[in-house]
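A.B. asks: Below: one structure in C-alpha cells.
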Amino acid sequence: MQDSQDKGKVELVGRKKAGWLKIVVAVAVAAGALYGYKAYIGAKTQAPEQTQAQAAEQLVSVKPVVKTDASQKASEYVGRVEAIQSVLVTPQISGEVARVCFKEGSMVKAGQLLFQIDPLSFQAAVEQRSAELERAKATLDAAEKYFARVRNAEERAVSAAERDNAESAALAGRAAVAQAKAALRLAEINLGYTRVTAPITGKIGAANFTKGNYVTPASGPLATIVQMDPIRVSYTMPDKDYLDQLASFKKDGTVYKTKLILSNGAEFDAQGERDFEGNEVDTSTGTITMNLRYANGDGTLIPGSMVRVRTKPLKSDFVTAIPQTAVMADQQGDYVYVIGSDDTASAVRVTLGRDLGELREVTQGLAEGQKVATAGLQNLRDGMKVKTADRAYDAQAASGDAEETK
C-alpha cells in the first residue's frame with residue numbers, strides 16, 4: 001500500500017516538470033523569433049545606408065585635362081632612297097680600252113677621266129681631215145683668183161660660158177672647204193670621245209670593261225654613276241595628309257622636320273627640303289607620291305634602300321586634350337565624367353576633335369586642369385560619390401604607417 005502511494009507521487013512530480021519544460025521551450029522560441037524579426041527589420045532599414053556606403057567606395061582613376069602640342073604627333077611612312085641623277089657611262093666610239101682611270105666604288109667629279117680608249121687611229125683621222133681641209137682651201141683660192149680675172153676681163157676677150165664656169169668653180173671650192181671643215185670637226189669629236197669622262201659628280205660602281213677590251217656603242221655601259229649628294233627620298237601618303245601638308249607648304253614653305261629610320265634602326269636627323277609631288281592620286285590606294293631632298297655628304301643614305309619617314313610640323317599647335325579611355329558615348333553623343341573637388345562625378349557632354357594617339361582633342365566642354373575619370377566607368381552615374389585611386393592609395397599608405405607606429 002505504501003509503495004503504490006510513493007509511485008503516485010513520483011508520477012505527479014514528473015508531470016509538473018514536463019509542463020515547465022514545455023513552457024521554457026515555448027518562451028525561447030518566441031524570443032528567438034522576436035530577435036530574428038528585429039534583425040530583419042534592422043537590416044532592411046540599414047540597406048540603403050550600406051548601398052550608399054558601397055557607392056562611396058567606388059574606385060575610379062582620374063587624369064587631368066591638359067594642353068598638348070598636336071603637332072608633336074609624328075606621322076610615319078615607308079620610303080625609298082633614290083638618286084636624283086643616275087648615269088650609265090657608255091662609249092660613243094669603237095676602240096680598245098687603253099686605261100681604266102678610277103677606283104671602283106669611289107666618288108668621282110664631273111669631267112674626271114674614267115676610261116681612255118686608244119686614240120692613235122682617231123688622231124690620224126684628225127690629221128687626215130686637216131690635210132683635206134688645206135687642199136680644199138688651196139683649190140678654192142685658185143678658183144677664186146681665176147674667177148676674178150675672168151670677171152674683170154673685157155667681154156670680147158672672155159665668153160659667157162667661161163665666166164659661168166669660173167664662178168661655179170669658185171662656189172664649188174667654197175663648198176669643198178666647208179665640207180672639209182665639217183669632216184675635221186667630226187674627227188676631232190671622235191678623238192675627244194677616246195677620253196671617257198664623268199658627266200656628273202657621284203659614286204661610281206664597278207668597271208664593266210678593263211684594259212685591252214674592245215668596246216663599241218653597242219657593248220653596253222662601261223660603268224654606272226649615281227649622285228649621292230643631294231639625294232631624294234620618295235614615299236606615299238594619304239591624299240588627306242597631302243592636302244594638309246600642301247596648305248602648310250603654301251603658307252610657310254618647308255615646315256616639316258623629318259627623321260629617317262634606316263634599315264638597321266639607326267636614326268638620320270635631317271631637314272628634308274620639298275622637292276616635288278606626284279601629279280595624280282593612286283585610285284587603288286588613295287595615296288600620292290611625295291619627294292623630299294636631303295643633304296647626304298657622308299653617303300649615309302644609299303640609293304635603293306628602304307627607310308621609314310617620320311614627319312613632324314615645326315610649328316606648335318596647342319589644343320585641349322584628354323585620354324582616349326575617358327571618352328564614353330550614348331545616343332546623344334560623346335561625354336565624360338568630370339570628378340569635382342568633393343569627389344562627385346558629373347557627366348559632361350563634349351565635342352571631340354583630332355585623334356592624337358593616346359589622347360583625343362576636345363574642342364568644347366572641358367577646360368585645362370579639370371579631372372576626368374579614365375577607369376572604373378562601368379558603374380558610374382551622374383552625381384555619384386567616388387574615391388579616386390590616388391586618394392585610396394594615400395589612405396592605405398597612411399594606415400600602413402599607423403600600423404608600423406603601433
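A.B. asks: Return a yes/no flag: does the stretch 227-238 have any residue that is charged (D, E, K, R), surrounded by 15 or more Cβ atoms within 10 Å (Cβ to Cβ) and under 15 Å from residue 85 (Cα atoms).
C.D. replies: Step one: of the stretch 227-238, the residues charged (D, E, K, R) are 229, 232.
Filter once more, keeping what is surrounded by 15 or more Cβ atoms within 10 Å (Cβ to Cβ): 229, 232.
The next check asks that each one be under 15 Å from residue 85 (Cα atoms); those that pass are 229, 232.
Yes: one or more hits.
A.B. asks: Another one. How about the stretch 70-109: which of its residues are open to solvent by less than 20 Å² (accessible area, probe 1.4 Å) and within 30 Å of the chain's Cα centre (by Cα)? Break it down stepwise before answering.
C.D. replies: Going residue by residue through the stretch 70-109, those that are open to solvent by less than 20 Å² (accessible area, probe 1.4 Å) are 70-71, 79, 81, 89, 91, 93, 95, 97, 108.
70, 71, 79, 81, listed by residue number.
A.B. asks: Working only within the stretch 112-137, note down all residues that are farther than 16 Å from residue 92 by Cα, open to solvent by less than 80 Å² (accessible area, probe 1.4 Å) and either of a type in the set (Lys, Arg) or not in a helix (DSSP H, G or I) (or both).
C.D. replies: Once the filter is applied, which keeps residues that are farther than 16 Å from residue 92 by Cα, open to solvent by less than 80 Å² (accessible area, probe 1.4 Å) and either of a type in the set (Lys, Arg) or not in a helix (DSSP H, G or I) (or both), the stretch 112-137 yields only 112.
Yes/no matrix, rows are residues, columns are (1) within 43 Å of the chain's Cα centre (by Cα); (2) at pLDDT below 90; (3) of a type outside the set (S, T, N, Q):
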site: 335; (1), (2), (3): yes, no, yes
site: 347; (1), (2), (3): yes, no, yes
site: 355; (1), (2), (3): yes, yes, yes
site: 363; (1), (2), (3): yes, no, no
site: 366; (1), (2), (3): yes, no, yes
site: 377; (1), (2), (3): yes, yes, yes
site: 393; (1), (2), (3): yes, yes, yes
site: 402; (1), (2), (3): no, yes, yes
site: 406; (1), (2), (3): no, yes, yes
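A.B. asks: Here are 231, 225: which of them is in contact with a strand residue (DSSP E or B) (Cβ under 7 Å, 6 or more places away or on another chain), closer than 20 Å to residue 300 by Cβ and modelled with pLDDT of 95 or more?
C.D. replies: Values: 231 fails: modelled with pLDDT of 95 or more.
Just a single option satisfies the conditions, and that option is 225.
A.B. asks: Could you list, in sequence order, the residues of the stretch 305-319 that are assigned to a strand (DSSP E or B), open to solvent by 70 Å² or more (accessible area, probe 1.4 Å) and not charged (D, E, K, R)?
C.D. replies: Correct list: 306, 318.
A.B. asks: What about residue 334, is it within 30 Å of residue 274 (Cα to Cα), of a type in the set (Asp, Glu) and not in a loop (DSSP other than H, G, I, E, B)?
C.D. replies: Numbers: within 30 Å of residue 274 (Cα to Cα): no; of a type in the set (Asp, Glu): yes; not in a loop (DSSP other than H, G, I, E, B): yes.
In short, no.
A.B. asks: Further, regarding this structure: Hey, can you tell me all the residues within the stretch 320-331 that are within 16 Å of residue 62 (Cβ to Cβ) and part of a strand (DSSP E or B)? I'd like the intermediate steps shown before the answer.
C.D. replies: As a first pass, look at the stretch 320-331 and keep what is within 16 Å of residue 62 (Cβ to Cβ): 321-328.
Passing the criteria: 321, 322, 323, 328.
A.B. asks: Considering only the stretch 344-376, how many residues are open to solvent by less than 30 Å² (accessible area, probe 1.4 Å) and in a loop (DSSP other than H, G, I, E, B)?
C.D. replies: Residues meeting the conditions: 3.
The values are calculated or read from the model by the stated rules, or taken from the named source; none is laboratory data. Every value quoted in this text rests on a predicted model; they were computed, and no experiment measured them. Neighbour counts are summed over all protein chains in view; Cβ atoms, including those assigned to glycine, are modelled from backbone coordinates with ideal geometry. Side chains are part of the model used for accessible areas, which takes the heavy atoms of the whole protein and leaves out ligands, DNA and RNA. Shrake-Rupley method; radii C 1.70, N 1.55, O 1.52, S 1.80 Å.
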